[in-house]
Structure formats: structure tokens, C-alpha cells
Amino acid sequence: MATIKDVANKAQVSVGTVSNVLNGKTKNLQLVKKVEDAMHELAYYPDVRARNLKKHDNSLVGVIIPNLQNPDCISFLAAVDSKLRENNFGIFLKLTKNNFQIEKKCVEQCLEHHVNGIIIYSPFKDNVSSILKNSSIPSVLISEYNSRFFEGDTATISYDVALKKALTGLQQKKITHTGLIMESELIYENNFLNIYREYYPNNTSDYIKSTDGSQERGFITAFNLFYNHPEIEALIVSNYQIAKGVIKALKMLNLTKVFLIVIKESNWIEDNNNIDAQISVSFKTVGNYITNQLLNAMKNPEIHENIIRVFQANYEESNSAQLIKNETDTTLQFELVDSPAARALKMLSTTYAQQTGININFDLKKYQNLEHDLYDQKIKKSDHYDGFMVDVAWMDSFADQGILLPLNELKQDNPNYFAGFVDGMIDEYGTHNGNLIGIPFLSGAQILFYRKDLFEDKMLKYNFRLTQNEELIPPKNWATFNLIAKYFTRAFNHQSPVEYGISNVSGPNISTTISFLNRLWAYGSDIFDNDGDVIINNKNTCVALQNFKDSYKFTSHEKKLEVWEDVAKEFSTGNVAMCVLYNTDAVNLNDYSKSQAAGNIGFSLIPDNTSVLGGWCLSINPFSKNVNAAKNFILWACSIQNTFPFSLLGGSTLRSKYYKRDDLENIYPWKSLLPNSYKQSRKRIIPVSISNYEQSDKIYTSIIPTELEKFIAGDISVETTVSNMEQKIITFIENHKNE
């Protein structure tokens, strides 16, 4: 194993020089390169333990949790680990196995190892307060109980409001016999028993059982409870481990109608079939909060103030709307743009056919062909298709021309259904001049994706700071975007661990235009003003164009990537540092079987927050002979019950519930960022004077990207490019206005 002396000899420098390079204390690029090359050739890695001893501290934080079986603990640990890793801390993990004596021992071991801080997720009340009372090491506590003696920050979870809502719901269902199976601390130390007695004062105490947190004990306790009291109609269980044992007992006793409520973090895969409702807290949110508090206490001990924060649990019942069997043979025809989301709906719709008897045939078309077909069906008054996917950019024009059927009665008859979408998205994705003409089906938010491992690599960060005098962080503007892209392009930096800085769309297509609009808007320019006049010919457009062209120096030139899916595939090779994608095209980025970048996906809002709003709604053909059946289908397709399966199969939803829960964040960790991207996104404008012309979108699908291609290839100057765009757009409008 190589030592620091071996590196010094190989690089022909002193041991002190190697040490200075490792600790970022030199700005001599030549020395840094010599040392790096020697380290790489010798496969040398600094001894972290030795460095910690020398500095008289370490970069570890003690994390104490009950177990690794409970999904809540796993979710909490994942959040803590991610947050600590972002701040260059590692984890000294200890498991208490729900034993208060082991928990005390774990705290003592953390103190013995001189960790920088301690995070304790404890199922016990005031078990560790005395041990930590005189310690100078910052500590934080997560508990279901109010701690009177713990001196650090505390995150307390309160189930009172959610439990009352659950019990109220049971009474509304006329359920009079409800049981409890919980850990004893939760029943007797918290307020559970008092609240239960408020609602069920006449229920026997035999309905209340305490147990430990294991699934085996859950099975034993539930089997005995229901064997002796088969009249119990509902059961509240305190964690998912116990619930798994309860579910097994109910199946063995053939009790299929017991309403099961579990205290657990919501998870669609776990909940849908076996659990009727859950009382839940986002342990990811709790983990992020309490870790931030600890980091602040460690970094700013003089000014940090320890506080208690209460996280309120939520009560939520599973969605299981019943579909009505159709009495007559009906087949619907829908035309969709060929995409992962369309293919997901096609697969998911087989369940609709099975339950209703209505078959759905899908034609998947290219973007331009679908747009043409929508105009064509209006001219011919064709009833061939019952419904369509409609791009949000087409919506206003199509509505004005009567291509889409108004659906106002759907909104009037289903207020709760439409209230479940992200705020403002019904207007953006389905409404024109106050009329509902489609139901939001597929979101379209642009996100900057990057290789997180590259941006966190200490040596890469150090070299970037040394050469560019800036920190290596996700770019906030397009100038820095290009700077970082150049740093990660091997043609400009032979030490780059990847071949290309970015992956980007190209060719005369709508995707290239969208990528250009990101820059154009960022630099304060646009194609049209609010009156529809062409305003593209200005200095800011020239700056945006040059930035756009420069970015292609840092991409692969082996083949053109004409659609976002192709960009996603190239980024997934692991040989690219960054890319901008719509979330609907990023579904496989974190799939280990399809992406070499999986597990290392970083994400942020795109530079300058100038996202182009994308996405689609489902609309009805006004000439359809199956209008009612088509309405029922699109209501089902965009319903909350399909939110999670649709997202897993390749779609993306605009349902607010999807973003409030932590489901699927291990697959789509960027999910929580999407609502902010929606809010900052803008639609591309079609002037009113040509909104009735079938090919009005040609401005974006052909005129602009054709000129962009010439400019990128070096065939025309930036001034000529802007002038050509201006003149061709004006001529196009003059030739087709008021058609």
C-alpha cells in the first residue's frame, strides 16, 4: 500500500508539499498536477483516521435508530445520510433494537468515539437525557414524546389530530368496535388512550393490546385478539412491522372486512392492497430538519438556540373508487403522442377495460403528425378519434377553433376531483377563456440534472476553484453552465473524468427551440411581445445565441440527439456531467438496470429559472359518438388512484398529493423540485393573428430551429441569424394571419 512518502518520491516533491496539496493549501497548478498524477499512478488514498487524529477531531456524526426493518427508520436514515454527506460528514451508525439499555450504551459509544454530533431517534421517553446532560457534543432528539430534560434540539411527532380524524371517520362509517395494537409506550406515555376513550368509552379494555415492534409479535397479538373478539370491525396499529404480522393473522382467520389503520409513512406499494388508511409523518422531512439543526449547532455553537418542533401526523384513507361495468360493447379510440407516458397509459388502461368492459385503442403518433390530425378531424368533422393528448402550447388555439369539446360540466359535477391538482395547473393545462377544455394529464417541468458524485469530489472541486476562482456547484446562470461544461469536457480538460460536459438536443425541431428559449428568456429577450409583435432582433438575443452556440462545444458530435429521450439515454451512459431534461423524459435516469449514473443523480432548477412549460392534457373530440364514455375514461386516466402506478410506469402527474408524499423519491428523487419548476415556467406564445392557422407552431418547430442549426454549424453569423429569424417570422405571419 502506497504511503505519502511514496507519492512525494514519485512526484519528486517534499512530503510537506503533498500534504499542502491534500489540504488545499497551495495554488500552484503545476505542483497540484504532479501530486495528483502520482497519487493516481500509485492508487494512493489519504488515511482519513490519521488526518482526523492530527486535527484532534473527525468528520463523523453518531446516528442512533431503533432498527433497519421499519420503513420509517430507513426513510429517516436515508434523509440524514444524504444531508450529512452534502456537508462532508460520515455516519457512525448504532442500532438500539428497541431496547432502552442498548440505547444508552449506543450514546456512550458515540461519546467514546468523539463524534462531532449525535442524532437520536428514540422510542423511549427521557432515556438518554442524563447521559448527555454535561456533554459538550451537540445532540438532537426525535421522539414521539415531549422530553422535559433533553437539552438539545427536539423534533416531536404528534398523532393527536390525525387520530381524532381517524376515529371520527370510523364513527361516520358506523364502526362501533375498534381495537388498538401498539407499543406500550405509545399507548400509555402518549395521549392515545385518552383520545380513544373519548370516542369509544364503552369498548372493553380487552380491545387494547400492547406489544413490541416486531411482525412476529404483531401476528401473535392480532391472532389472539380476533380469535377472542371476532366482532372487532377496525384496528389501529402503531407501525408497519406490527402491521405485517396483523395482516397475516387476518388472512389466516379469513377476516377480510376489518378496516386496518397503520401508523406509518405513506407508501403506495405497501398500502394499496392491505391497508385501508394510514396515520403518517414524512420521516424524510423530519430527518432533513433535525440534521440541519445539528449541523447549525456544530457550526455555530455560540449563537445556536435549541428549540422543540412538533410535526403533526396526517390521516389519509386509501383511494379505491369503484368503476361501473358498461352494459354495451364500446370501444374508444384515442390518439396520443408517442412517449413513455403514452405507453404507460396504454398499459394501465387494460385494468380499465377489465373493470368496465370498455376497450381503449391507442394510436401513438409523432408530434407533428398528432398536431396535423387534430386540425384534420375538425375540417372533416371526423368521429374516428374520441379523444386526444393535447400539448399545452396548442391548447388556446385549438379551443378557439372548436377542435376540443368544452368540459365545464365535469368541473361543476366533480369539485373535489379538480381540487386535487397542483395550484394553478388546471388553468395552465386545461382552461381557456374560463372554459375547461382538457384534464391535466402529463406534467412538463425542466430540471437540470448533473452527476452528483463529480460535483462532490473534493479534488475536482479544489481544481475548479483553483482554475476558475469559483465554487463547483450547480450553475445558477447559463454563463456558469458553459464554464462548468467546459471543465468537464475532456477536449478542453484532459483530466476530466467524463468525456463531455453536457448532453443537448440538436436539429431543426421543437426541442432545439426550447433549449434556445431557455437562454433567450434568461437574457431578457423574447420572440414576441404581449401584442404579438416580433421583437427578437436585439443585442440580448445575440448574447443568448452566442451562449447557446458555445454550449455545443461541450457535447458529443458523433450523432444528433433530436428528442429529449435521446439526451436522457446519453446522460445515462455516465459519460456526461450535466443535461437539462423534462421530468417526463428522466424516468430511467435513476434505474440501475438502465443508467450508469443511477445513484449519483443531482438535480436543481435550470440556470436563471427560465423553464419552458411543457406537458399535455387529455381532451375530447366534439364530433365523437362516445362523448360520455370518453369523459369517464379521461376522468379515470387523470384520477388520483392512478397517480402512483402511472408515475412508476413512465408518466408524470400534476396531482398535488403526489408531491406532498415521499413515495417514489428513491426512484425520482427530484420529485419535490417539480412544483417550483412549474411556478417559474412560461408557455411559448403564438400570436393571435395566426392562431387559427393549422401550422402556426411552425415558427417554433421549423423556422427558429433551422436558423439555429445554420448558426451552430458556422454557416451564418449571429447578426445574420437574428435578422433571418425576424424576417422569416414576420413574413410567415403576414402570409397566414387571419386564415
(request) Can you tell me the order of 249-261, 560-572 when each peptide is scored by its average per-residue count of other Cβ atoms within 10 angstrom, highest first? (result) 560-572, 249-261
(request) For Asp126 and Thr331, calculate 0.36 nm times their separation in residues minus their Cα-Cα distance, and state this gained length in nm to one decimal. (result) 67.4 nm
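Using alpha-carbon pairs under 8 Å, 6+ residues apart, how would you state the relative contact order of the chain in percent?
12 percent
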(message) So I have (1) 362; (2) 190; (3) 179, and one of them is volume of the Cα convex hull per residue in Å³ calculated from this model. Which one is it?
(response) (2)
(request) With unit charges on the beta carbon (Lys/Arg positive, Asp/Glu negative), name the residue among Ile716, Tyr289, Gly438 whose Cα is farthest towards the positive pole of the charge dipole of the chain. (result) Tyr289
(message) If a paramagnetic tag sat 7 Å from the Cα of Lys476 along the Cα-Cβ line, which residues of segment 507-523 would have the backbone N under 17 Å from that point?
(response) 522-523
(request) Could you please state, rounded to a whole Å, how far the C-alpha centre of segment 365-421 is from the C-alpha centre of segment 195-260? (result) 49 Å
(message) Could you give each residue of segment 225-238 its phi-based ³J(HN,Hα) in whole Hz, using Karplus coefficients 6.51, -1.76, 1.60 with θ = phi - 60°, and x for Gly or Pro?
(response) 4, 7, 5, 8, 9, x, 6, 5, 9, 9, 9, 10, 10, 7
(message) Using each residue's phi in segment 196-201, evaluate 6.51 cos²θ - 1.76 cosθ + 1.60 at θ = phi - 60° and report the 3J(HN,Hα) Karplus result to the nearest Hz, with x for Gly and Pro.
(response) 4, 5, 4, 8, 10, x
(request) Give, in nm to one decimal, the length gained when the segment between Gln727 and Asn433 is fully stretched (0.36 nm per residue of separation minus the Cα-Cα distance). (result) 102.7 nm
(message) With θ taken as phi - 60° and the coefficients 6.51, -1.76 and 1.60, list the Karplus ³J(HN,Hα) couplings across segment 144-153 in order, rounded to whole Hz; mark glycine and proline as x.
(response) 8, 10, 6, 8, 8, 10, 5, 8, x, 5
(message) Could you tell me the relative contact order of segment 578-678? Use alpha-carbon pairs under 8 Å, at least six residues apart, and round to a whole percent.
(response) 30 percent
(request) Count neighbours as other Cβ atoms within 10 Å of each site's Cβ, and list the trypsin sites (Lys or Arg not before Pro) in segment 642-701 that are DSSP loop with at most 16 such neighbours. (result) Lys683
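Roughly how many debye, to the nearest 20, is the charge dipole of segment 1-160 about its Cα centre, given +1 on each Lys and Arg Cβ, -1 on each Asp and Glu Cβ, and no other charges?
Working: 19 positive and 17 negative charges, 130 e Å.
About 620 debye.
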(request) Taking every Cα atom in segment 448-567, find the radius of gyration and the maximum pairwise distance Dmax, and write them in Å. (result) 15.9, 52
(request) Among the aspartates and glutamates, select those whose C-alpha is under 18 Å from the C-alpha of Lys165, and discard any that sit fewer than 8 residues away in the same chain. (result) Glu198, Glu233, Glu265, Asp276, Glu316, Glu317
(request) Sort out for me the Cα centre separation of segment 490-566 from segment 585-661, rounded to whole Å. (result) 25 Å
(message) How are the alpha carbon pair distances in segment 583-739 distributed across 5 Å bins from zero to the largest one, expressed in percent?
(response) 1, 7, 11, 12, 13, 14, 14, 12, 9, 5, 1, 0
(request) Would you work out which of Asn538, Met578, Val567 lies farthest towards the positive end of the dipole of segment 538-589? Charges go on Cβ: Lys and Arg +1, Asp and Glu -1. (result) Asn538
(message) Tell me the relative contact order for segment 4-46 as a rounded percent, counting alpha carbon contacts under 8 Å between residues six or more apart.
(response) 46 percent
(request) Grab the beta carbon distance between Ala491 and Asn254, set R0 = 60 Å, and tell me the FRET efficiency rounded to 0.05. (result) 0.30
(request) Mind scanning Lys25/Lys299; Lys83/Lys671; Lys94/Lys461; Lys378/Lys671; Lys257/Lys660 and naming the pairs with a C-alpha gap bigger than 26 Å? (result) Lys94/Lys461; Lys378/Lys671; Lys257/Lys660
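Give me the percent of DSSP beta bridges within the chain that run antiparallel, rounded to the nearest 5.
Details: 27 of 79 bridges.
About 35 percent, rounded to the nearest 5.
Read-outs: derived from the displayed coordinates by stated rules, not from any lab. All of these numbers come straight from a predicted model, not from anything done at the bench. Here the Cβ is made from the backbone with ideal geometry for all residues, glycine too, and neighbour counts use every protein chain on show.
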